[in-house]
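Okay, so here's the structure we're looking at.
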Amino acid sequence: MSVKPEAMIQSKLPNVGTTIFTTMSQLAAQSGAINLSQGFPDFDGPQALREAVGRHVMAGHNQYAPMTGLPALREQVAAKIARSYGRQVDMDSEVTITPGATEAIFCAVQALVRPGDEVIVLDPCYDSYEPSVELAGGRCVHVPLALPDFSIDWQRLADAVGPRTRLIMLNSPHNPSGALISRAELDQLAALIRGFDIYLIADEVYEHLVYDGVCHASVLAHEELYARAYVVSSFGKTYHVTGWKTGYVVAPPLLSAELRKAHQFVTFCGITPLQWALADYMAAYPEHVDELPAFYQAKRDLFCDRLAESRFTFTRAAGTYFQLADYSAIRPDLDDVAMAEWLTREHGVACIPISVFYQQPPADLRLVRFCFAKREETLRQAADRLYGV
């Protein structure tokens with residue numbers, strides 16, 4: 001008797017399909033649209049960084065790196081954290097290099113979450129969080145951020161904390177909104193969970209993309225919260241090389257040890273010549289991270305200035321390289337998924353609908369997300385097409 005394949009497999013992630021990022025990038029390619037949907041630059045990373053990769057490949061640095069990452073790169077990460085946040089971390093026991101921030105988040109969840117545990121996520125949230133929790137046997141508790149500024153609703157967050165709460169997922173600068181969490185809010189969070197056995201994963205992959213003279217409030221700089229946190233960062237975002245899929249996670253020694261138990265059986269280590277190249281570049285150009293805010297703020301302002309007289313309404317993003325825009329005055333009859341498809345097909349600019357980042361999106365949400373990590377000419381062309389909508 002034959003058995004149908006679908007009868008043999010019971011999906012562990014029955015609600016997960018193709019991501020909206022893949023869907024919209026494919027639609028952009030099919031439509032010949034300018035792709036402001038998926039979050040990647042259309043320009044290369046620094047030339048010296050790219051040249052360093054070839055140099056290390058040819059030098060024979062092509063075998064496994066240490067499971068925790070190359071010492072030279074972990075040393076540079078620790079030095080950057082000391083410069084940026086005033087925290088001295090041990091490169092051996094607190095810094096782990098991973099093949100991308102998504103893997104770091106996944107391994108951190110596996111290290112902490114047990115069957116039956118609850119994990120609080122703040123909606124709208126990045127789409128990898130919930131599958132990671134579900135694969136660990138946990139359950140996400142979704143707490144919506146307060147509109148229109150995507151701030152934490154402290155009463156709803158306090159109400160969500162319960163005896164099964166194991167973990168809270170933070171994301172600042174926040175994808176998709178660009179909102180920031182302040183130092184005062186970190187203090188408020190510390191007070192809220194004080195006395196509870198609750199841990200944090202702080203997704204800070206856009207840590208250096210903060211604008212208008214504001215400083216990023218990192219969990220790394222918060223003594224009380226860091227003691228119970230995994231802080232996740234991305235070389236791909238910081239050095240314009242998202243395709244390298246290289247990131248890192250910083251945590252106290254005991255937490256790092258648990259994460260590494262999962263990491264060594266997921267990928268074991270990151271790509272060796274990329275790690276060598278990043279270590280070289282960070283040592284030679286430490287100022288790169290200090291120049292990023294002005295670099296991306298100029299792109300944000302170019303895009304927003306050209307849309308200022310359009311029918312879109314918006315508040316300039318405080319962080320990340322994403323700009324939200326409200327289209328209520330243009331096509332209020334369309335939900336945001338239909339609007340994103342309409343803009344791609346009919347006006348030649350691809351974007352991301354915000355509702356996909358929610359468990360239960362607000363019924364009247366009319367927001368789409370544009371990525372401004374693009375060349376100036378790309379942004380001008382896209383803004384000119386959107387201006388006419």
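We did not get these values from a lab; they are worked out from the coordinates using the rules stated. Just so we're clear, the structure is a prediction, and the values are computed from it rather than from any experiment. All Cβ positions, even for glycine, are placed from backbone atoms using ideal geometry, and neighbour counts span all protein chains on display.
Things worth noting here:
- The range 256-262 - phi-based ³J(HN,Hα) in whole Hz, Karplus 6.51/-1.76/1.60, Gly and Pro as x: 4, 4, 5, 4, 5, 4, 7
- The range 1-134 - convex hull of alpha carbons, volume per residue in Å³: 264 Å³
- Unit Cα scatterers, Debye sum, the range 52-284: log10 I(q)/I(0) for q = 0.12, 0.16, 0.18 Å⁻¹: -0.63, -1.12, -1.41
- For the pair residue 313 and residue 88, a Förster radius of 51 Å applied to the C-beta separation gives a FRET efficiency near 0.70, rounded to the nearest 0.05.
- Model label sites at residue 283 and residue 47, defined 7 Å from Cα along the beta-carbon direction, differ in position by 2.3 nm.
- Karplus (6.51, -1.76, 1.60) ³J(HN,Hα), θ = phi - 60°, over the range 125-141, in Hz, Gly and Pro reported as x: 9, 4, 6, 7, 4, 5, x, 4, 5, 5, 5, 8, x, x, 9, 7, 10
- For the range 347-357, 3J(HN,Hα) computed residue by residue from phi via the Karplus equation (6.51, -1.76, 1.60; θ = phi - 60°) reads 10, x, 9, 8, 9, 10, x, 7, 4, 5, 8 Hz, glycine and proline entered as x.
- Given 261/374; 80/374; 12/299; 80/245, the pairs whose alpha carbons are separated by over 29 Å: 261/374; 12/299
- Within the range 206-328, the percentage of alpha carbon pairs spaced more than 17 angstrom apart rounds to 68%.
- Mean Cβ count within 10 Å, highest first, over the residues of peptides 120-126, 376-382: 120-126, 376-382
- Restricting the calculation to alpha carbons of the chain gives Rg and Dmax of 21.0, 69 angstrom.
- Relative contact order, percent, the chain [alpha-carbon distance under 8 Å, six or more residues apart]: 25 percent
- Calculated P(r) of the range 186-251 - Cα pairs past 18 Å, %: 44 percent
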